[in-house]
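Structure first, commentary second.
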Amino acid sequence: MRPEILCLLAATSALGLLPAPALAGPTTAPAPADPEGDRVDVTVTGQRSGYATAETSTATRTPTPIKDVPQAITSIERQQIDDQAFRSISDALRYVPGAIAAQGEGNRDQIVLRGNNSTADFFVDGQRDDVQYYRPLYNLDRLEILRGPNALTFGRGGGGGVINRVTKTPTLATFGGASASVDSFGAWYVDGDLNYRLSDSVAVRANAVREEFANHRQVYGGHVTAVNPVVKWFAGPDTAFTLSYEYVDDDRVTDRGIPSLGGRPLTGFRDTFFGVAGINRTQFTGNVARATVEHRFSDALSITGRLLYGDYDKYYSNAFPSGSVTAAGLVPVQAYRDFTFRENLLSQTDLVWRTRTGAIEHVILAGAEFGRQDTRSSRLNGFFDGVAGATDNGLTFAAPLADPFVVPPIVFRTGSGQRDNVSTATIFAGYVQDQLKIGPVELLLGVRHDRFRLDVTDQVAGQQFSRSDALWSPRAGLVVHPIKPVSLYFSYARSYLPQSGDQFTSLNVTTAALKPEQFDNYEVGAKWEPRAGLLIAANVYQLDRTNTRAVSPVDGRTTVLTGAQRSRGIEIEARGAITPDWQLSFGYSYQDARITETTLAARAGSKVALVPEHSVSAFTRYNVTKRFGIGAGVSYFSDRFASISNSVTLPGYARVDAALYYKLTKAIEVQVNVENLFDAGYFPTAHTDNNISTGAPLNGRATIRFRF
């Protein structure tokens, strides 16, 4: 490890020697010993009730009931993840209003929240997790999706919202579980979760998974192995130390789907692989160490420090359709390879003070964040050297449309389009927030100041670029309780994204002079808790984005300027227990996301890529008896465009799923999930006009779970 990283590690560790409630995760702190000398666990945040989450720290950095957060937030609990057999973040997003899973070029998680596309707005327990990869769900307590910008909590980016993974943490108890599963394509996984009480003050928890991939596509496969041990030491009734390490190894086929024909996805080739076996591959290795220190000075004052060091290696290679099917029945093909190596060192320190001024209650947050991200990113294009009919100086070859699809040999070498950049991003931020409460009225006021600097060396051109931004991000929210279970709210928030882009690869002599992208969100909503464990919410929002950038609809690799865009929408959601035996997840969204300024890349009035005007999702589980349960779900998405060109339409579709659950014993449960029960043909997402994913046909998954 480099000396400067060691120095920063020491400095940020010193800042965090005095913390309190952990961000966005269940914190179990020891209470005083009981009369028999046994320690009693007290859960102070992250309460669970079926499909509903009562409280979170994700949106405000302080434990706050979800119904009192002046912002749309969806929490997908562990129980729902298991009940629906979700295997990815994309699976879960189908049940979140205003959220769409993008294709991510077949090598990463990518999201569209309220019309804003991102590869980097991911967090784990409130800390930045912005490398491009597929995040497994094996170690999660829940998955939280915030919609609308909130830079005060998360810093740069997050223009449409963020996704925060809340991981499992140790408690002073001994328990465990495991599961094994296989589906009708031959994909399978095994995972385990063990929590062990080492002493009255120390507990350890370990989660692990091994998964093998398969699906309906001709060429697909791979595996992921991940392990996450965590140890927690309760150093006293007011202090706790947590150390965590996660290793992820992901190796799979890169599948970018099918091309278009006549402004629609190509039909009759649902399973056809338009890549090259052996070339289309992505590999990711992540090693992440995290430390959290929590300390409570008193019931009124606490502090939390968090430190993350991550080392990430990412590689992907692919051949893909670079244009639509021609009248002559040919498919243009291009290829490239991409390497990313990144080290993240991130520190957060939060001080929380609960006090009163007369009749007004305050929860005051003051904090600081420091970080450094060192990245090396390179790319080589593929060339059809010596292949008759190759065009664009050998970059493109038009292959005959056929099944199987055959591409001539590809040579990856230096030449046109080569990239080799080394960058260093440094972040220094301070923030303050006050949650005021007087009677039935709550007011949230806060502001964050970021100093973000990016230095880039273009090793191909021998050039250096730098960009520094000083960003002020305000946030305000008003919550009124006309009656205790109802919250009416208004909120405003702003976020920025520097013109280096999500992954620091876009800074050049032009963008270095451009102002950051700016996101302003106005939202009015209501939340109602008719009974404990059930939350109903609705909101209306307007999200304005300026200095806007988007992925090129042609090659999907370059970035184009699109001026400005506006997203307007309505979101309705119900989540939780209708009765103790009946769980419900429901969401509806209406979205109108359009370009509002004409540029060379898009005309004003063009609709934003992948955003359906209407989407509906619902899933319910009902326990018929103490042993037997049934589940059913439906998801519907109306027509949407594959890119900002608005040239290719992804047809609307509805998909129906079903499930059966049976407890063999108190410790063993089996379940069967059926996906796409009526075998609908559909196209769930895309990356460009000619990288369109195809939906899987009718298939099933059988799972057995053990608990002890």
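Quick look at the values:
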| quantity | calculated |
| --- | --- |
| Residue count for region 418-464, restricted to those that are of a type outside the set (A, V, I, L, M, F, W, C), open to solvent by 50 Å² or more (accessible area, probe 1.4 Å), farther than 27 Å from L365 by Cβ and out of contact with any Ser or Thr (no Cβ under 6 Å at 6 or more places or on another chain) | 4 |
| Selection from region 140-151 of residues that are surrounded by 24 or more Cβ atoms within 10 Å (Cβ to Cβ) and over 21 Å from G115 (Cα atoms) | R142 |
| Boolean, R306 is among the basic types (K, R), more than 30 Å from A642 (Cα to Cα) and in contact with a strand residue (DSSP E or B) (Cβ under 6 Å, 6 or more places away or on another chain) | yes |
| Selection within region 670-704 - open to solvent by 20 Å² or more (accessible area, probe 1.4 Å), charged (D, E, K, R) and touching a residue at least 24 places away in the same chain (Cβ under 8 Å) | E675, R701 |
| Test: residue in region 590-603 that is under 23 Å from P684 (Cβ atoms) and charged (D, E, K, R) | yes |
| Of the criteria (1) in contact (Cβ under 8 Å) with a residue 12 or more places away in the chain; (2) surrounded by fewer than 17 Cβ atoms within 10 Å (Cβ to Cβ); (3) polar (S, T, N, Q); (4) farther than 20 Å from N139 by Cα, which one S199 fails | (1) |
| The listed residue being open to solvent by less than 10 Å² (accessible area, probe 1.4 Å), within 24 Å of Q348 (Cβ to Cβ) and aliphatic (A, V, I, L, M), out of V69, V112, V96 | V69 |
| Lone unmet requirement of (1) assigned to a strand (DSSP E or B); (2) open to solvent by 30 Å² or more (accessible area, probe 1.4 Å) for R603 | (1) |
| Number of the exception - G394 against (1) closer than 30 Å to A476 by Cβ; (2) surrounded by 15 or more Cβ atoms within 10 Å (Cβ to Cβ) | (1) |
| Options V288, V333; residue that is over 23 Å from A120 (Cα atoms), open to solvent by less than 30 Å² (accessible area, probe 1.4 Å), at pLDDT 95 or above and among the β-branched types (V, I, T) | V333 |
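Let's see how each residue does on (1) touching a helix residue (DSSP H, G or I) at 6+ places or on another chain (Cβ under 7 Å); (2) at pLDDT 95 or above; (3) aromatic (F, W, Y); (4) farther than 21 Å from R147 by Cβ:
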site: R448; (1), (2), (3), (4): yes, yes, no, no
site: F452; (1), (2), (3), (4): no, no, yes, yes
site: A461; (1), (2), (3), (4): no, no, no, yes
site: I483; (1), (2), (3), (4): no, yes, no, yes
site: T505; (1), (2), (3), (4): no, no, no, yes
site: Q518; (1), (2), (3), (4): no, no, no, no
site: P530; (1), (2), (3), (4): no, yes, no, yes
site: I536; (1), (2), (3), (4): no, yes, no, no
site: R545; (1), (2), (3), (4): no, no, no, no
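Quick grid of which residues meet (1) assigned to a loop (DSSP other than H, G, I, E, B); (2) among the β-branched types (V, I, T); (3) open to solvent by 10 Å² or more (accessible area, probe 1.4 Å):
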{"site": "D130", "(1), (2), (3)": "yes, no, no"}
{"site": "P136", "(1), (2), (3)": "yes, no, yes"}
{"site": "T153", "(1), (2), (3)": "no, yes, no"}
{"site": "R156", "(1), (2), (3)": "yes, no, yes"}
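The values are calculated or read from the model by the stated rules, or taken from the named source; none is laboratory data. These numbers were taken from a predicted model, which means no experiment stands behind them. Note that each Cβ is placed from the backbone with ideal geometry, even for glycine, and that neighbours are counted across all protein chains shown. When the accessible area is computed, the model is the full protein with side chains, heavy atoms only, and any ligands, DNA or RNA have been set aside. Shrake-Rupley method; radii C 1.70, N 1.55, O 1.52, S 1.80 Å.
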